[in-house]
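Have a look at the structure below, then the notes.
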Amino acid sequence: MTKHIFVTGGVVSSLGKGLTSASIAMLLESRGLRVKMQKLDPYINVDPGTMSPYQHGEVYVLDDGSETDLDLGHYERFTTTHLTRQSNYTTGQIYQSVINKERRGEFLGKTVQVIPHITNEIKEVVLQLDDADTDVVITEIGGTVGDIESLPFLEAIRQIPLERGRENCMFIHLTLVPFLKAAGELKTKPTQHSVGIMRQIGIQPDILVCRTERSLDTSDREKIALFCNVPLHSVIEERDKDFSIYEVPLSLQANKIDDLILKQLGLPAASANLEGWHDILHRLRNPEHEVSIALVGKYAEHRDAYKSIYEALDHGGIANYTQVRVQAIKSEEIELNGAEKTLAGFDALIVPGGFGERGVEGKVEAIQYARERNLPFLGICLGMQCAVIDFARNVAGLTDAHSTEFFRDTPHPVICLMDEQEGVTEKGGTMRLGSQPALLSDGSKSALAYGVSEISERHRHRYEFNGGYRQQLEEAGLVIAGTNSDESLVEIVEVADHPWFVAVQFHPEFKSKPTAAHPLFAGLVAAAVAHHAGVKT
Ligand code: GLN
């Protein structure tokens with residue numbers, strides 16, 4: 001029978017529930033178990049696809065094209081679990097489904113209510129993940145215990161042990177134990193209150209994971225155990241990690257969280273194999289090179305907006321024994337101060353995806369600088385579209401070339417709306433989304449980096465390279481290094497006679513892992529190392 005672990009959070013948001021859930025899943029996989037993961041988000045948006053990165057951080061795209069919460073990125077980076085549309089639900093989706101059922105008359109005239117109809121729907125989306133090939137399902141509940149919108153989710157997971165057996169379910173509650181400078185001590189009261197709220201709802205946590213900046217001493221742990229009604233060994237400390245998020249699973253393992261879970265759920269325990277993970281940390285701790293990479297996008301102060309790109313750059317660093325320092329720069333700053341002044345001293349440039357006109361000229365200018373100065377460059381989605389605009393304007397002589405996303409009546413629409421997007425007015429879930437195959441051109445940098453000629457990558461866009469300009473741009477020297485299967489869409493462009501100028505229409509950052517860096521990120525970092533050493537690749 002599939003077992004269920006529910007991860008909740010209390011006291012404050014941003015405690016790292018996603019990371020903790022991913023770390024637990026990784027530890028269970030390392031003990032030989034087959035794990036599935038899922039996140040339930042209490043907001044009303046149907047998915048985060050239409051939310052601003054300021055509100056929500058990046059939108060993480062899965063193979064099947066679902067636009068999901070960025071915590072799912074942690075799940076994929078830490079584990080081998082296969083994520084699908086069933087891996088992320090929001091209050092919006094739950095209500096939408098219940099309302100559709102009501103319209104179809106499926107409730108047979110009953111009054112449709114939060115309890116039982118919404119809670120039943122939530123239970124259904126959790127329990128649908130049970131199957132003979134899954135030992136454990138980990139379900140993370142977004143938000144913070146005590147929020148009004150979390151209530152139906154907590155009520156639903158309270159009921160699941162009644163149906164599945166308490167011995168087959170576990171509740172792990174993440175909480176904050178703050179250090180109060182004035183008192184000079186750690187405070188356990190917020191944790192007591194947060195567990196108190198859980199118990200009012202009817203959920204007794206089995207394990208408390210205590211986020212803290214200082215070590216808990218035995219008396220703190222005893223106090224938490226006594227007042228929160230859990231055994232002392234189930235009070236697990238999770239100290240802040242200044243060095244790397246990839247330390248989290250190892251520190252949880254040092255506190256024996258995997259043993260506790262296996263014992264309580266009665267699961268067979270193979271011994272852990274964490275060699276690969278230790279190797280990651282060894283490489284991070286012993287870099288042989290250091291490079292600095294400029295990330296020129298719309299946002300600079302908001303790391304979550306480009307979460308997977310930061311992670312993938314770290315992975316490229318791990319693959320190359322290199323410490324990668326990333327400096328986020330607002331592209332508008334380049335419009336103000338010029339590329340020369342802003343980008344001097346960097347070893348590589350990366351221009352990420354994005355929407356909207358603000359800062360686009362700064363991105364084009366940064367790319368022109370990288371192209372002309374032999375600075376290694378990786379363009380992603382809008383970054384690739386800007387690379388095509390630069391090349392058209394400044395190499396092929398198509399002055400005023402632009403994307404119709406930003407200048408509808410441009411005389412040279414080198415980037416234009418995809419045919420399939422004509423007439424699409426709804427914003428949610430309507431882009432070209434998810435994994436699509438692509439063919440790589442022999443001899444291109446990309447083909448060399450991937451080491452294969454056919455790839456599959458995740459997409460999220462409405463605009464594309466305008467095929468009508470393909471011949472003209474190729475004649476001017478642009479390398480079409482990748483297309484989709486019938487060659488109608490350009491997926492990758494490169495510039496020859498440049499150490500590393502690769503721009504892709506898809507999002508390679510979503511498929512990079514610490515244990516297996518994405519080839520394009522490994523390639524960019526390798527080129528940055530060579531640039532730093534002043535060597536031409
Ligand atoms: N705005 C561009 C498009 O829709 C790029 C999208 C992206 O960078 N994800 O095609």
**OP:** Could you tell me which residue of the range 349-398 is surrounded by the most Cβ atoms within 10 Å (Cβ to Cβ), considering only residues that are more than 16 Å from the ligand (Cβ to nearest atom) and on the phi > 0 side of the Ramachandran plot?
**Re:** N374
**OP:** Can you work out which of the residues in the range 432-462 that are out of contact with any Ser or Thr (no Cβ under 6 Å at 6 or more places or on another chain) and within 11 Å of the ligand (Cβ to nearest atom) is modelled with the lowest pLDDT?
**Re:** R432
Original post:
Name the residues in the range 312-343 that are surrounded by 22 or more Cβ atoms within 10 Å (Cβ to Cβ) and charged (D, E, K, R), would you?
Top reply: D314
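From the list D390, D419, which residue is at pLDDT below 95 and not small (G, A, S)? Lay out the reasoning, then the answer.
Numbers: D390 fails: at pLDDT below 95.
Being at pLDDT below 95 and not small (G, A, S) holds for just one of D390, D419, which is D419.
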Subject >> Members of the range 107-156 that are over 25 Å from Q192 (Cβ atoms), in contact with a strand residue (DSSP E or B) (Cβ under 6 Å, 6 or more places away or on another chain) and polar (S, T, N, Q) >> reply: T134
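Which helices (runs of 4 or more DSSP H) sit wholly inside the range 77-177 and have at least 3 residues that are without any contact (Cβ under 8 Å) to a residue 24 or more places away in the chain? Before you say what the answer is, go through the steps one by one.
Details: elements: 91-103, 119-127, 151-164.
It comes to 91-103.
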**OP:** State yes or no: is V525 farther than 14 Å from E457 by Cα, within 16 Å of the ligand (Cβ to nearest atom) and crowded, with 24+ Cβ neighbours inside 10 Å?
**Re:** no
Subject >> Hits in the range 485-508 - residues which are in a loop (DSSP other than H, G, I, E, B) and within 25 Å of the chain's Cα centre (by Cα) >> reply: Q505, F506, H507
**OP:** May I ask you to say which residue of T188, T119, T175 is modelled with pLDDT of 95 or more, closer than 27 Å to L226 by Cβ and touching a helix residue (DSSP H, G or I) at 6+ places or on another chain (Cβ under 6 Å)?
**Re:** T175
Original post:
Out of all the residues in the range 509-526, is one or more in contact with a His (Cβ under 9 Å, 6 or more places away or on another chain), part of a loop (DSSP other than H, G, I, E, B), within 29 Å of V424 (Cβ to Cβ) and not β-branched (V, I, T)?
Top reply: no
Subject >> Which numbered condition A392 misses (of (1) in a strand (DSSP E or B); (2) in contact (Cβ under 8 Å) with a residue 40 or more places away in the chain) >> reply: (1)
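Condition check ((1) at pLDDT 95 or above; (2) farther than 17 Å from L15 by Cα) across all residues:
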residue	(1), (2)
I207	yes, no
T218	no, yes
A225	yes, yes
F243	no, no
P268	no, yes
S271	no, yes
E275	no, yes
V296	yes, yes
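Within the range 432-442, can you find the residues that are among the charged types (D, E, K, R) and buried (at least 17 other Cβ atoms within 10 Å of the Cβ)?
Keep residues of the range 432-442 that are among the charged types (D, E, K, R), which gives 432, 442.
The one that is among the charged types (D, E, K, R) and buried (at least 17 other Cβ atoms within 10 Å of the Cβ): R432.
Going by the structure shown, is P514 buried (at least 22 other Cβ atoms within 10 Å of the Cβ) and under 29 Å from N320 (Cβ atoms)? Can you show your working first?
Working: buried (at least 22 other Cβ atoms within 10 Å of the Cβ): yes; under 29 Å from N320 (Cβ atoms): yes.
For P514, the condition - buried (at least 22 other Cβ atoms within 10 Å of the Cβ) and under 29 Å from N320 (Cβ atoms) - is met.
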Original post:
Within the range 226-248, can you find the residues that are crowded, with 17+ Cβ neighbours inside 10 Å and assigned to a helix (DSSP H, G or I)?
Top reply: C228, S234, I245, Y246, E247, V248
**OP:** Can you run down the residue pairs with Cβ atoms below 8 Å, 6 or more apart or on separate chains, where the first is in the range 491-505 and polar (S, T, N, Q) and the partner is assigned to a strand (DSSP E or B)?
**Re:** Q505/H459; Q505/H461; Q505/E464; Q505/F465; Q505/V490; Q505/E491; Q505/I492
Original post:
Using beta carbons and a limit of 6 Å, which pairs, at least six apart or on different chains, have the first residue in the range 435-463 and assigned to a loop (DSSP other than H, G, I, E, B) and the second one away from the ligand (no atom under 16 Å from the Cβ) and among the charged types (D, E, K, R)?
Top reply: S444/E494
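Evaluate the range 464-484: report whether one residue or more is among the aliphatic types (A, V, I, L, M), in contact (Cβ under 8 Å) with a residue 24 or more places away in the chain and assigned to a helix (DSSP H, G or I).
Residues of the range 464-484 that are among the aliphatic types (A, V, I, L, M), as a first pass: 473, 476, 478-481.
Okay, now just the ones that are also in contact (Cβ under 8 Å) with a residue 24 or more places away in the chain, so 473, 476, 478-481.
Still in the running and assigned to a helix (DSSP H, G or I): 473.
Within the range 464-484 (the criterion being among the aliphatic types (A, V, I, L, M), in contact (Cβ under 8 Å) with a residue 24 or more places away in the chain and assigned to a helix (DSSP H, G or I)), the answer is yes, since at least one residue qualifies.
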**OP:** Answer yes or no: is there a residue in the range 507-519 that is within 16 Å of the ligand (Cβ to nearest atom), in contact with a Cys (Cβ under 7 Å, 6 or more places away or on another chain) and at pLDDT 95 or above.
**Re:** yes
**OP:** Within the range 326-363, track down each residue that is under 27 Å from G482 (Cα atoms), out of contact with any Ser or Thr (no Cβ under 9 Å at 6 or more places or on another chain) and among the aliphatic types (A, V, I, L, M).
**Re:** L349, I350
Original post:
When you go through L40, L15 one by one, which is the residue that is surrounded by fewer than 22 Cβ atoms within 10 Å (Cβ to Cβ), of a type outside the set (S, T, N, Q) and touching a residue at least 60 places away in the same chain (Cβ under 8 Å)?
Top reply: L15
**OP:** Within the range 399-431, count every residue that is β-branched (V, I, T), within 13 Å of the ligand (Cβ to nearest atom) and surrounded by fewer than 16 Cβ atoms within 10 Å (Cβ to Cβ).
**Re:** 3
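Looking at the range 249-262 only, could you name the residues that are surrounded by 12 or more Cβ atoms within 10 Å (Cβ to Cβ), in a helix (DSSP H, G or I) and out of contact with any Asp or Glu (no Cβ under 7 Å at 6 or more places or on another chain)? Break it down stepwise before answering.
Step one: list which residues in the range 249-262 are surrounded by 12 or more Cβ atoms within 10 Å (Cβ to Cβ), which gives 249-253, 255-262.
With in a helix (DSSP H, G or I) added as a condition, the list becomes 249-253, 257-262.
Passing the criteria: P249, L250, Q253, I257, D258, D259, L260, I261, L262.
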**OP:** Starting from the range 276-298, take each residue that is touching a residue at least 24 places away in the same chain (Cβ under 8 Å) and surrounded by fewer than 22 Cβ atoms within 10 Å (Cβ to Cβ) and list its partners that are in a loop (DSSP other than H, G, I, E, B) and of a type outside the set (S, T, N, Q), counting only C-beta distances under 6 angstrom and pairs at least six apart or across chains.
**Re:** I280/P514; R283/Y321; P287/Y321; E288/Y321; S292/F346; S292/D347
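The values are calculated or read from the model by the stated rules, or taken from the named source; none is laboratory data. Small disclaimer: the values here were computed from a predicted structure and weren't measured. Don't worry about glycine lacking a Cβ; one is built from the backbone with ideal geometry, like all the others, and counts go over all protein chains shown.
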